[in-house]
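Asks: Below: one structure in structure tokens.
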Amino acid sequence: MSERDLELEVAWQRHVSADRTKLDGLLARHREKHRRYHTATHVAWVIRHVDELAVSEPVDQLDEIVAAAFYHDAVYEAAYPANERASARLARRDLSTLGWDEDSVERVGLMIEATEHGDGGSATGDTAILLDADLAILGADPAGYSAYVAGVRSEYRHVDDEDWAAGRAGVLAGFLRRSTIFQTPAGRDRWEARARANVAAELADLAT
């Protein structure tokens, strides 16, 4: 077992369930051949960033945030427009099977659906922590950001360069139109300035 998978197993048992059967299924999904960025490594980093933010941000239910982090990209097909909803359905089914109560299951499902990042920056509470952890890659160092972009572009290799540039530019411009990309004070302190610089630089590259 890799160090990353061991890290995920510890987080799963601490926050989700002592039964690792569902985790094995999740890890298998994240090993799908078409994935380049949305892999188990991304999940591990999101959980690390959740833990980092939880040190200084008020948290209602950390177990629910971590469960949502585990499942938020469980279904990922670049050509499919409803990955978040499908991932949320899987989480609701699995967590119910694992004995989670109905209210917690629903909150996890709603957090996963929010990772579509279409709220314009209006999330609060536990959802804001999850979304900031998911977007933390935008505030990576230049090498890390370049690797992220390359990974996502590879996942969209079925899209030609012109359509990729247009679609990607629309997503990036949407982030820059927000008053802040990150929705928690801790997220803004850690990643906002670098994220804006990275996104603006990528937009400029796409325009050339």
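No value in this document is a laboratory result; all are computed from the given coordinates. Source: prediction; values computed, not measured. Neighbour counts run over all protein chains shown; Cβ positions are idealised from the backbone, glycine included.
Asks: For Val171 and Leu110, FRET efficiency with R0 = 30 Å and r from the beta-carbon atoms, rounded to 0.05?
Replies: About 0.85, to the nearest 0.05.
Asks: If we sort 44-57, 92-105 on the protection proxy, mean other Cβ atoms within 10 Å, highest first, what's the order?
Replies: Per-residue Cβ counts within 10 Å, averaged per peptide and sorted highest first, yield 44-57, 92-105.
Asks: Angle check, please: helix 142-155 long axis (alpha carbons) against the longest principal axis of the chain (alpha carbons), in degrees 0 to 90, nearest 10.
Replies: The answer is roughly 80 degrees.
Asks: Next question, about the same structure. Let me know the charge dipole size of the chain about its Cα centre in debye, to the nearest 20, where only the beta-carbon of Lys, Arg (+1) and Asp, Glu (-1) is charged.
Replies: 440 debye
Asks: For Asp51 and Arg194 in one chain, what is 0.36 nm times their gap in residues minus the Cα-Cα distance, to one decimal in nm? The partial results should precede the final answer.
Replies: On the way: separation 143, 0.36 × 143 = 51.48 nm, distance 2.04 nm.
Result: 49.4 nm gained on full extension.
Asks: While we're looking at this one, here's another question. When you count, for each residue, the other Cβ atoms within 10 Å and take the mean per peptide, how do 62-72, 170-180, 135-145, 120-130 rank with the highest first?
Replies: Ranking the peptides 62-72, 170-180, 135-145, 120-130 by packing returns 62-72, 120-130, 135-145, 170-180.
Asks: Dividing the Cα convex hull volume of the chain by residue count, how many Å³ per residue is that?
Replies: Residue-normalised Cα hull volume stands at 114 Å³.
Asks: Here is a further query. Which angle from 0 to 90°, rounded to the nearest 10, does the C-alpha axis of helix 102-114 make with the longest principal axis of the chain?
Replies: Relative to the chain, helix 102-114 is tipped by roughly 10 degrees.
Asks: Still on this structure: Out of Glu162, Glu116, Glu84, any idea which swings most in a Gaussian network model of the chain, alpha carbons joined below 10 Å?
Replies: Of Glu162, Glu116, Glu84, the most mobile in the Gaussian network model is Glu162.
Asks: Could you derive backbone 3J(HN,Hα) for the stretch 49-60 from the dihedral phi with the Karplus parameters 6.51, -1.76 and 1.60 (θ = phi - 60°), listing whole Hz in sequence and x where the residue is Gly or Pro?
Replies: Running phi through 6.51 cos²θ - 1.76 cosθ + 1.60 with θ = phi - 60° gives 5, 4, 4, 5, 5, 5, 5, 10, 9, x, 10, 8 Hz.
Asks: Is it possible to state the helix-based mean residue ellipticity at 222 nm for the chain, with each DSSP H run of 4+ residues giving -39500 (n - 2.57), the sum divided by total residues, to the nearest 500 deg cm²/dmol? What is it?
Replies: -20500 deg cm²/dmol
Asks: Taking the Cα atoms only, what angle lies between the long axis of helix 62-71 and the longest principal axis of the chain, rounded to 10 degrees?
Replies: 60 degrees
Asks: Using a ≥ b ≥ c from the Cα gyration tensor of the stretch 1-100 (square roots of the eigenvalues), is it rounded, prolate or oblate, where a/c under 1.5 gives rounded and otherwise the larger of a/b and b/c decides, a/b for prolate?
Replies: Values: a/c = 1.33, a/b = 1.28, b/c = 1.04.
Rounded shape, in that the Cα axes give a/c under 1.5.
Asks: Could you work out how far apart the two model spin labels at Asp161 and Thr180 are, taking each label as a point 7 Å from the Cα in the direction of the beta carbon, and quote it in nm?
Replies: That separation, rounded to one decimal, is 3.9 nm.
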